[in-house]
Structures are given as structure tokens and as C-alpha cells.
Amino acid sequence: FICDKEDTNYCAYVDTDSNYFNAEPILLHLVPNFEELSNEEKDNKLEKVALAYQDIITDHYDQLAKECFNVKQFEWFDKPHWLEMKTECVIRSAYFRATRRYAQWITKQEGVEKETLDIKGLEFQKANFPPILGEFFHKALVDVLKGETQEEIDARVKAFKKQILDGTIPLTDLGNP
């Protein structure tokens with residue numbers, strides 16, 4: 001989250017043209033049995049809430065345009081501005097490290113169900129990162145996003161470390177390409 005844990009702020013990440021919000025508190029309030037639903041049902045409820053808020057925010061852009069940007073309505077034009085909020089995707093889980101460095105597990109995009117891991121700018125993807133480490137970090141990231149337990153991930157990290165230390169993985173594979 002972009003604020004301290006003790007603060008109330010549901011915005012998880014902001015980019016140039018994107019806003020990512022934690023909808024769980026709203027969903028838990030609106031759907032008391034939310035935790036008992038299947039992942040697909042949760043995704044559908046999340047999309048429904050996101051689409052409702054998209055419309056609420058877009059409606060408030062009229063006031064923003066008028067009061068903050070001094071945009072006036074013209075008779076010859078049906079809209080006073082081009083500001084619009086649009087829900088692009090439903091994300092079941094995500095990791096945000098810094099600006100333009102994140103990973104997200106997208107389960108719906110513009111209303112279409114899908115299973116996509118979208119990774120942007122993380123170091124293990126770069127060409128000068130050792131491929132064997134990149135593969136390991138990619139798998140660990142997928143496991144975290146898909147809900148593997150801490151114990152399973154820790155065990156995999158310890159096993160990988162052991163392979164490095166006992167020479168099972170050649171030292172030449174650990175250097176830059």
C-alpha cells in the first residue's frame with residue numbers, strides 16, 4: 001500500500017493512467033459470506049463493485065472539471081470534458097515494488113475471463129539478470145500470487161540456496177549472462 005499500515009487508504013498503487021484499489025473491505029461489507037465464495041464468484045462480485053464505482057467516479061468528474069479546471073458546457077457539444085473512469089481488469093492478487101515495477105494476476109480483462117500473469121519492470125526479467133535466478137524468482141512470484149503457503153515457498157528457497165552452496169548449480173550459471 002502507498003501509505004503506512006495503520007492509516008486507512010485503500011489505494012494500493014497509482015501509475016500515470018491507472019489506479020489500483022483494495023476492494024476487499026467493500027466486498028466484505030456488501031457480501032458477508034465473501035470469504036466462503038469460490039474464486040470465480042469473488043472475481044464476479046469484485047467486477048460488479050468496480051463497474052459501479054467506475055460510474056460513480058465518472059459522474060463526479062463533471063464537478064471536478066467545472067470546479068477545478070473551469071471547464072464549461074457548450075450547447076453544441078454533448079460533453080463538457082473527456083474525463084472518464086474505466087475498469088480494465090480484475091486482479092486477484094498483485095505485487096507492487098515501485099513505479100512501473102509490479103506483477104499482477106489478472107482474472108478478468110474488460111469483462112472477459114482470463115488467467116494472465118502481467119509482470120512489468122521487475123529485475124529478474126532484465127537481460128543482464130542470470131537466467132537460472134530469473135526462472136527461480138519467476139516461479140516464486142507466481143507461487144506467492146497464486147496463494148502458496150509461506151512454508152512451501154520458504155522450503156523452496158532453502159532448497160535452492162542449498163543447491164547453490166553445495167555446487168549443484170554451477171557457479172558459471174549464477175553470473176551475469
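The values are calculated or read from the model by the stated rules, or taken from the named source; none is laboratory data. Everything numeric in this text was worked out from a predicted model, so none of it was measured. Here the Cβ is made from the backbone with ideal geometry for all residues, glycine too, and neighbour counts use every protein chain on show. Note: areas computed on protein heavy atoms with side chains; ligands, DNA, RNA excluded. Shrake-Rupley method; radii C 1.70, N 1.55, O 1.52, S 1.80 Å.
Remark: the chain carries 72 Å² of accessible area per residue (probe radius 1.4 Å; ligands, DNA and RNA excluded). Relative to the first principal axis of the alpha-carbon coordinates of the chain, what is the inclination of helix 39-69, with its axis defined by its Cα atoms, in degrees from 0 to 90 and to the nearest 10? Approximately 50 degrees, to the nearest 10. Give the carbon-plus-sulfur fraction of the accessible surface of the chain in %, rounded to a whole number; probe 1.4 Å, heavy atoms of protein chains only. Result for the chain: 54 percent of the exposed heavy-atom area is carbon or sulfur.
Going toward the positive end of the dipole of the range 3-92, with +1 on Lys and Arg Cβ and -1 on Asp and Glu Cβ, which of ILE56, LEU83, PRO32 do you reach last? Selected residue: LEU83.
Working note: Karplus 6.51/-1.76/1.60 with θ = phi - 60° gives the range 87-102 the couplings 7, 9, 8, 9, 10, 6, 7, 7, 10, 10, 9, 6, 4, 6, 9, 7 Hz, where Gly and Pro are set to x. Of ALA127, ALA23, ALA140, the residue with the greatest mean-square motion in the GNM of the chain, using alpha carbon springs below 10 Å, is ALA127. Here the Gaussian network model covers the chain, with springs between Cα atoms less than 10 Å apart; of THR87, THR16, THR58, THR16 fluctuates the most. Around the amide H of MET85, modelled in the peptide plane, lie the amide H atoms of THR58, all under 5 Å away and 5 or more residues distant in sequence or on another chain. Within the chain, the ratio Rg/Rh, alpha carbon atoms throughout and Rh by Kirkwood, equals 1.09. Amide H contacts for TYR13 (H built 1.01 Å from N in the peptide plane; partners 5 or more residues away or on another chain; cut-off under 5 Å): TYR20.
Helix 131-145 and the long axis of the chain differ in direction by around 50°, with both axes built from C-alpha atoms.
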